[in-house]
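**Student:** Provided herewith is a single structure, encoded as structure tokens, for subsequent inquiry.
The values are calculated or read from the model by the stated rules, or taken from the named source; none is laboratory data. The shown structure was predicted, so the numbers you read here are calculated from the model rather than taken from an experiment. All Cβ positions, even for glycine, are placed from backbone atoms using ideal geometry, and neighbour counts span all protein chains on display. Please note that ligands, DNA and RNA were not included when accessible areas were found on the heavy atoms of the full protein model with its side chains. Shrake-Rupley method; radii C 1.70, N 1.55, O 1.52, S 1.80 Å.
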Amino acid sequence: MAHEATVNTHRTKWWSGGKSPFNIEYGKVMMWYFLMSDAFTFGAFLISYGTSRFSQNFWPDPNVVFNALPGAGHANLPLVFVSIMTFILIISSVTMVLAVHAGHNRNKEEVQKWLIWTIVGGLAFLGCQALEWHHLLTSEHATLVNGQIELITQTTRHNPWGQLVHGPELTAALQNSSVHTLATLAEEHHLSAATHAELMQTPKDQLVQLIANSPDVHIREKGPAAFGGFFYGITGFHGFHVFSGVIINIVMLLMTRANVFENKGHYLMIEKAGLYWHFVDLVWVFVFLCFYLI
Amino acid sequence: MSNHYDPTKDISPSAAYPEVSFHHHSDDATFKKRVWRTTWILSVVTIAELALGFFIYYLHKGEPSYFFVLLLKGIICILTLAKAYYIVSVFMHLGDEIRNFMMTIVVPLLLFIWFIIAFLADGQSFKTLKNTYDKHFEETTMPASHKAAPAETAPAKGERQ
């Protein structure tokens, strides 16, 4: 009996209670497993996007779709706006690390300061996403639909990001289109100094020639129908995560202000909110890869 | 039991979580160095990705080789995985957790290797089937540069049944 007792005191009984075998508190373990399951959800979405993309002969080039910058008008600036969004999210991840570290030091002022910067970063990202969605949903592009030109936007049903239309096919489509559409196109691309009303009076053949011969007007077919749904679905699901992360951070800020963590004696709750926030950044890295880079 | 744990005298996080036997917490100088280094790595890798993205955009103005573009995209994917590693390992501190815990997170994620291979292959196979049995799909969606010969007498889109 005495011998057995000595043996037991030398062995750490990790799984018999009283100690954490993983050496982390319960809440943090569960946050990790939640994030792992969330990674599978995002992974499933992105992989189904990949499957649809691989099943098509043609897929839109992201540099054609995402080439606008707010305030830059019709300038062709691929990747610029989304780079800004990416850096906003990376920086807000850094400020969150600083908030968690300040929590370890039990420095209430610093925790509040860095949480506020993280919230600002999150809101800035959401603002950028709202601008991007608004642009995609409202800016009309001349598209070949059923043999004529129509002005369509990117929705979950259709999008104007198909293949370029050239030569006789383009001329025929322009001939089939309404004078109003042609006048709008000519005016938008500054092909003539005339006003829209004046262009409406111009002979149709003249308008067709004006547009068909312009190197600035790119008229495409409709793109793969799945493109818009995947884009809005996945970036929307990510944006929803950013939104809930901002709410969680605001709650953390209010709790810090109310001395909840100070009275508890530790700021470990901030660490769990931090895990969630970093995960949002992690997912964006992959959304950025799948939709904008490749 | 002279050094028995006394929660009333403990101001560390262990007061709330006595089952956690030690906390990894670095001093301010080490921490700062590590965070700055990681921030720089993430920024530089992102800029490298963007540079490759712009390079692909530039290539697409001509007729780039399919495999060269695929190679560049592969490099971008690897750079993204590097970024993911730094975010998870340093910012989320998974690299500081004990090995057993790390494995409970990382091992299930290995399923993604199979998911990606299987489902992309599925998409590819669906495309091949459609191109074989649905000629209308092939004719209307195949990019012109991929067609063997430019169809000179192809009817206009509206005329096709």
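**Student:** Under the rule of -39500 (n - 2.57) per DSSP H run of 4 or more residues, summed and divided by the residues of chain A, what mean residue ellipticity at 222 nm is obtained, to the nearest 500 deg cm²/dmol?
**Tutor:** After summing the helix terms and dividing by the residues of chain A, the value is -21500 deg cm²/dmol.
**Student:** Now a separate question. Arrange the peptides A:80-86, A:55-61 so that the one whose residues have, on average, the most other Cβ atoms within 10 Å appears first.
**Tutor:** Top of the packing list down: A:80-86, A:55-61.
**Student:** Of all GluC sites (Glu not before Pro) in the stretch A:116-212, which ones are in loop regions per DSSP and have a Cβ with at most 16 other Cβ atoms within 10 Å?
**Tutor:** A:Glu140
**Student:** Okay, next question. Take the Cβ-Cβ distance between B:Ala121 and B:Tyr58 as r, set R0 to 25 Å, and report the resulting FRET efficiency rounded to the nearest 0.05.
**Tutor:** E(calc), rounded to 0.05, equals 0.20.
**Student:** I've got another one for you. Say R0 is 35 Å: what FRET efficiency, to the nearest 0.05, do B:Phe112 and A:Gln206 get from their beta-carbon distance?
**Tutor:** According to the calculation, E is roughly 0.05.
**Student:** State, to one decimal in nm, how far the label point of A:Phe34 lies from the label point of B:Asn100, with both points 7 Å from Cα in the Cβ direction.
**Tutor:** Distance between label points: 2.4 nm.
**Student:** Give me the percent of the accessible area of the stretch B:77-144 that comes from carbon and sulfur atoms, probe 1.4 Å, all protein chains in place.
**Tutor:** Exposed carbon and sulfur together represent 73 percent of the surface.
**Student:** I need the fraction of alpha carbon pairs in the protein assembly as shown separated by more than 35 Å, rounded to a whole percent.
**Tutor:** 45
**Student:** Roughly how crowded by other chains is peptide A:199-205, in terms of the mean Cβ count from those chains within 10 Å of each of its Cβ atoms?
**Tutor:** Going residue by residue through A:199-205 and averaging, the value is 0.
**Student:** Right, here's the next one. Longer than 29 Å from Cα to Cα, which of B:Lys61/B:Lys127; B:Lys83/B:Lys127; A:Lys222/B:Lys83; A:Lys204/B:Lys130 are they? Say none if no pair is.
**Tutor:** With Cα atoms farther than 29 Å apart: B:Lys83/B:Lys127; A:Lys222/B:Lys83; A:Lys204/B:Lys130.
**Student:** Please report the equivalent ellipsoid semi-axes of the stretch B:27-109, computed as sqrt(5 x eigenvalue) of the Cα gyration tensor, largest first, in whole Å.
**Tutor:** Ellipsoid half-lengths, sorted descending, are 33, 18, 6 Å.
**Student:** Relative contact order for the stretch B:27-109 using alpha-carbon pairs under 8 Å, separation at least 6, rounded to a whole percent?
**Tutor:** Reported as a whole number, the value is 33 percent.
**Student:** Related question: I'd like the projected area of the stretch A:141-221, averaged over all directions, using the convex hull of its alpha carbons. Report it in nm² with one decimal.
**Tutor:** 5.0
**Student:** Say a paramagnetic label sat at a point 7 Å from the Cα of A:Thr153, along Cα to Cβ; which residues of the stretch A:218-233 have their backbone N under 15 Å from it?
**Tutor:** Residues passing the 15 Å test: A:228-229, A:232.
**Student:** Further question on the same structure: What is the mean number of Cβ atoms from other protein chains located within 10 Å of the Cβ atom of each residue in peptide B:46-54, rounded to a whole number?
**Tutor:** Per residue, the number of nearby Cβ atoms from other chains is 5 on average.
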